[in-house]
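Taking it in order: structure first as structure tokens, then the write-up.
The values are calculated or read from the model by the stated rules, or taken from the named source; none is laboratory data. It should be emphasised that the depicted structure is a prediction, and the values quoted were computed from it without experimental measurement. With ideal geometry, Cβ positions are generated from the backbone for all residues, glycine too; neighbour counts draw on all protein chains shown.
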Amino acid sequence: MVDKQSKKETNREADLALVRRAKRGDYRAFDLLVLKYQSRLVSIAFKYVKEIQLAEDISQEAFIKAYKAINSFREESAFYTWLYRITANTAKNYLVSKGRRRESSISELSTLENEDQFVIASHDSPDEILLAQELRNTLFNAISSLPEDTRTALSLREFEGLNYEEIAKIMNCPVGTVRSRIFRGRETLEDLISPVTNKFKVINNKETI
């Protein structure tokens, strides 16, 4: 069975093959990249602007920027990492130009595709259902309370699944700084949500008695 890392490497090589064709003037190759990543770029933009039509416009602008600058992509990182940075910067620049820049909350960082992490099983007891909802709210509030750099690094790692090197390129900082931010973020979250997770332990202990 092909492991996750092998799939990631295969995906990266496929992207680079299309990028190289696009650099030679193959419009269809870039169109394939657009089709592959369009929904993800719209999702990234939506985290910032909170309007789907606007997010679609920003993602389109990001693709145009990427196409115009395709020859500057040095293939040292994954193509998606490069696209992510362009899209995020385009969205941020829009907010700044409109005077609408604001802090991202966990609801902005977590897309619909991540919500299945918080689905409550139908067989849970009423107490467990209430605690699950409390845990979800506590987690959302906890991530929202993190400093922006820490929150961004943690969300790129946990929600987007990027590695430390990719995050470092997006955030334009050393890998060591990324590791430190993610470590501090996880540590802070654990402290903030531990009171709720301890309640789960109490319930489970009662059920096993």
Give the number of residues within segment 43-84 that are hydrophobic (A, V, I, L, M, F, W, C), assigned to a helix (DSSP H, G or I) and surrounded by 19 or more Cβ atoms within 10 Å (Cβ to Cβ).
12
Conditions: (1) assigned to a helix (DSSP H, G or I); (2) of a type in the set (D, E, K, R); (3) surrounded by 13 or more Cβ atoms within 10 Å (Cβ to Cβ). Residue 13 meets all but one. Number of the miss?
(3)
Of the numbered conditions (1) more than 16 Å from residue 83 (Cβ to Cβ); (2) out of contact with any Phe, Trp or Tyr (no Cβ under 8 Å at 6 or more places or on another chain), residue 49 satisfies every one except a single condition; which is it?
(2)
Among the candidates 77, 122, single out the residue that is in the same structural domain as residue 157 (by TED's automatic domain parsing) and either at pLDDT below 85 or touching a strand residue (DSSP E or B) at 6+ places or on another chain (Cβ under 6 Å) (or both).
122
In this structure, is residue 69 modelled with pLDDT of 90 or more, out of contact with any strand residue (DSSP E or B) (no Cβ under 6 Å at 6 or more places or on another chain) and assigned by TED's automatic domain parsing to the domain that holds residue 9?
yes
Limited to segment 149-184, what total is found for residues that are assigned to a helix (DSSP H, G or I), surrounded by 18 or more Cβ atoms within 10 Å (Cβ to Cβ) and among the charged types (D, E, K, R)?
6
